[in-house]
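Any read-out appearing in this document is the output of simple, stated calculations on the displayed coordinates, not a laboratory observation. Since the structure is predicted, the reported quantities are computational estimates derived from the model, not experimental observations. Cβ coordinates were reconstructed from backbone atoms using ideal geometry, including for glycine residues, and neighbour counts include every protein chain displayed.
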Amino acid sequence: MSDLTVSPDLLRGPTRLASTGGDPVRMRAAAEQFEAQFLAQMLRPVFDALPTDGPFGGGEGEAMWRSFMVDAMAQQTARAGGVGLSDAILAEIIRSQEALP
């Protein structure tokens with residue numbers, strides 16, 4: 001995945017991360033996964049309030065698969081840049097890696 005890059009200003013230099021033993025791709029993926037979970041938790045009440053009946057509703061099938069749709073939307077939103085939460089989380093992951101002996 002080419003969009004899993006760490007910006008140099010978050011790393012505070014290209015050799016800083018190498019000295020901590022952290023993997024930038026895995027740290028970015030963890031930060032994006034956390035943001036996706038957060039977004040899913042925020043979107044779930046919005047979609048729970050929508051009725052599934054009516055001419056364009058999906059009925060019981062829609063209600064059953066709605067949580068999967070919300071999770072997929074949250075993951076795609078996080079992959080597309082999200083709300084900026086993953087950058088803050090990544091900075092904290094890097095900071096905690098730097099604190100390790």
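Some observations on this one:
- Neighbour-count ranking [beta-carbon atoms within 10 angstrom, fewest first] of 23, 87, 71: 23, 71, 87
- Ranked list, fewest to most other Cβ atoms within 10 Å of each Cβ, for 73, 27, 42: 42, 73, 27
- Per-residue Cβ neighbour rank within 10 angstrom, fewest leading, 39, 100, 85: 100, 85, 39
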